[in-house]
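Working notes, structure below.
Laboratory data are not the source of any read-out in this text; all were calculated from the coordinates shown. Keep in mind that this is a model prediction, so the values were computed, not measured. Here the Cβ positions follow ideal geometry from the backbone for every residue, glycine too, while neighbour counts run over all protein chains shown.
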Amino acid sequence: MARPLQHALRISTSSPEQTRTLGRKLAHLLAPGDLVCLRGDLGAGKTTLVQGIAEGLETDQPATSPSFTLLHQHQGRLLLHHLDLYRLGPADLADIGVEDLIGGEGVVVVEWAERLPPALAGDRLDIAIEFDPACDEVRHFHLSGRGARAGLLLDQLREENDAHPGD
Ligand SMILES: Nc1ncnc2c1ncn2[C@@H]1O[C@H](COP(=O)(O)OP(=O)(O)OP(=O)(O)O)[C@@H](O)[C@H]1O
Ligand SMILES: [Mg+2]
């Protein structure tokens, strides 16, 4: 298995709108087959980030919290497979055919990605979201990943974020 990338990136936001903006920036860089793994406690901002990704992909429907549905799919510039594994049961992943979605024609974004079996999470962009201990609306996004594709995405996102930090 590839080693974790060294060139990790940290981006902080101070409102839900800024988090959606980060999602839109990421969406513009995504390509078919990309896997984005999100980690972070309840209410950290995973779905908010996915809403921005959906906006950036110009999907037909906005992203929502999947609640009891493990998988939501939205057609945009690319097909977005939005998975929320919070309530994952033993047979669920096989039932929805996750193996075929990952690395397929669309992009796969996973909330509670720590519940994805390691065998399914190969090359990927990892985003861990942390609450700021001092400030309610501040979130810290730690981006890293595995594989050459994640390295490229991180480089492009860093460039984009340096050029347009606030928008
Ligand atoms: N900087 C921020 N970025 C994102 N959300 C923020 C921020 N500041 C405050 N919030 C609020 O935090 C909440 C984040 O909710 P969200 O559903 O995105 O979290 P989640 O990580 O998907 O939670 P869950 O684990 O329940 O799925 C929202 O109510 C949002 O308004
Ligand atoms: Mg969520």
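Observations on the model:
- Normalised alpha carbon radius of gyration of the chain [divisor 2.2 N^0.38 Å]: 0.96
- Placing R0 at 25 angstrom, the Cβ-Cβ distance between Gln156 and Arg10 gives a FRET efficiency of 0.95 after rounding to 0.05.
- Reported value for segment 71-134: 122 Å³ per residue, from the convex hull of its C-alpha atoms.
- Most fluctuating residue given options Ala63, Ala31, Ala94, as computed from a GNM of the chain linking Cα atoms under 10 Å: Ala94
- The chain: angle of helix 46-56 to the longest principal axis, Cα-based, in degrees nearest 10: 90
- Ordering 9-15, 150-156 by mean Cβ neighbour count within 10 Å, with the highest value first, yields 150-156, 9-15.
- Degrees between helix 16-29 axis and first principal axis of the chain (Cα, 0 to 90, nearest 10): 70
- Cα gyration tensor category, rounded, prolate or oblate, for segment 1-100 with a/c compared to 1.5: rounded
- Efficiency of FRET between Glu105 and Ala134 - r from beta-carbon atoms, R0 30 angstrom, step 0.05: 0.10
- When you count the other C-beta atoms within 10 angstrom of each residue and take the mean per peptide, 130-140, 80-90 line up highest first as 80-90, 130-140.
- Helix 148-163 vs. the chain, principal-axis angle (Cα, 0 to 90°, nearest 10): 30
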